[in-house]
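Right, one structure below, let's go through it.
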Amino acid sequence: MEALSERNPRVVSAVKLHRAPVRRKSRLFLAEGANSVAAALDTGRVEELFFSLKAASREHELVAGAAAMGVRTTLVSERAAEALGETVTPPGLVAVCRQVDVPLTEILAATPTLLAIPVGMSDPGNAGTLIRVADAVGANGVVLAGDSVDPHNGKCVRSSAGSVFHLPIARERDTDTVLSALESAGITLLATTAKGEVDLDEADDILRGPVAWLFGNEAHGLDRAVADRATHRIRIPIHGRAESLNLAAAASICLYASARVQHAPRS
């Protein structure tokens, strides 16, 4: 098998998926590294798997498994692998995948009990981490509301460590549409704010029902109008001297608190 060079049309076409407009038009994206590729294969979303000789020696079972599933597996040169990858040291294993986002109506139709709603989240690393946390605690979905990052962004996919393939993700640019749909579905809206009127340690009764946590932008927090729309504003008690928590830490604490209450045995 001869390795394709970085000038091969299939490689060139895949490399263009680093750009958001190309992803949007093609409805395809790239998943890089063993974790992401394995999760993509498990969910049947891989169109083609590119691998270098180095990657084949490290991840032989993954590549062989993909071929056995009928996925097109393609050997590429080290230079082509570098072009396909986005990391400083490319793993040489990149899958072209069908996009994962679903309509908000599909998430709500499954009568979710726990949702994460990042509003205007601009950092792809934070978005990927939030998706990973939501997956870990057993949330029923993530809704990227407002002017939020593309979940198919390479950094977001890598930060999620495969979780973008595990739970439903919706995108809706109109935040009001998201909030109204959640309210109509009977889901309690919870905003995380430093001056919330409810302490997280005392919120168990609220957390027992279906809830959607609203998380704001990394730099500016949650927009005041959005926080005012929430059913409750929740504050995380800080017992030490830290002034505040970053977005990923706050989201982890809130989502875990919800999962703990919802999964607790009923007496």
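Read the figures in this text as sums done on the coordinates, not as results from a lab. The structure presented is a predicted model; accordingly, all values stated were derived computationally and were not measured. Because the Cβ atoms are built from the backbone with ideal geometry, glycine has one as well, and the counts that use them run over all protein chains shown.
Could you state the principal axis extents of the C-alpha atoms in the range 1-129, from the largest down, to the nearest angstrom?
Result for the range 1-129: principal-axis Cα extents of 49, 29, 25 Å.
One quarter of the convex hull surface, Cα atoms only: what value does that give for the chain in nm²?
With the hull built on Cα positions only, its mean projection is 16.1 nm².
Could you check what % of the DSSP bridge pairs in the range 104-263 are antiparallel, to the nearest 5?
Antiparallel: roughly 5 percent of the beta bridges in the range 104-263.
Sort 241, 7 by Cβ crowding within 10 Å, fewest neighbours at the top.
Ascending Cβ contact count within 10 Å gives the list 241, 7.
Suppose a student asked you for the relative contact order of the chain, using Cα pairs under 8 Å spaced at least 6 residues apart; what percent would you report?
Relative contact order here is 18 percent.
What lysines sit close enough to residue 155 to cross-link, taking a C-alpha to C-alpha distance under 19 Å and skipping anything fewer than 8 places away on the same chain?
16
Could you please state, rounded to a whole Å, how far the C-alpha centre of the range 2-26 is from the C-alpha centre of the range 34-71?
Computed from Cα coordinates, the inter-centre distance equals 18 Å.
For each of 63, 22, count neighbouring Cβ atoms within 10 Å of the residue's Cβ, then give the residues from fewest to most.
Ranked by crowding around the Cβ, least crowded first: 22, 63.
In deg cm²/dmol, rounded to 500, what helix-only [θ] at 222 nm does the chain give when every DSSP H run of at least 4 residues adds -39500 (n - 2.57) and the total is split over its residues? Working shown, then result.
Details: 13 runs with 107 residues, N = 267.
-11000 deg cm²/dmol, from helical runs alone.
Of the beta bridges DSSP finds with both residues in the range 9-98, what % are antiparallel, to the nearest 5? Mind showing how you got there, number by number?
Working: 10 of 14 bridges.
Looking only at bridges with both residues in the range 9-98, the antiparallel portion is about 70 percent.
What's the Cα-based Rg to Rh of the range 222-267, Rh via Kirkwood?
1.04
Among the DSSP beta bridges whose two residues both lie in the chain, what percent are antiparallel, rounded to the nearest 5?
30 percent
In a Gaussian network model over the chain where Cα atoms closer than 10 Å are linked, find which of 225, 66, 40 has the largest mean-square fluctuation.
Of the options given, 225 has the highest mean-square fluctuation.
Is the range 104-263 rounded, prolate or oblate when judged by the Cα gyration tensor, a ≥ b ≥ c being the square roots of its eigenvalues, rounded requiring a/c under 1.5 and prolate requiring a/b larger than b/c?
In terms of gyration-tensor shape, rounded.
For the chain, take the longest principal axis of its alpha carbons; what is the angle in degrees between that and the long axis of helix 124-136, to the nearest 10 within 0 to 90?
70 degrees
Between the range 152-204 and the range 79-136, what's the alpha-carbon centroid distance in Å?
If you average the Cα positions of each part, the centres end up 14 Å apart.
Please compute the net charge surrounding residue 18, taking Lys and Arg as +1 and Asp and Glu as -1 over other residues with Cβ under 11 Å from its Cβ.
Net local charge, residue 18 excluded: +2.
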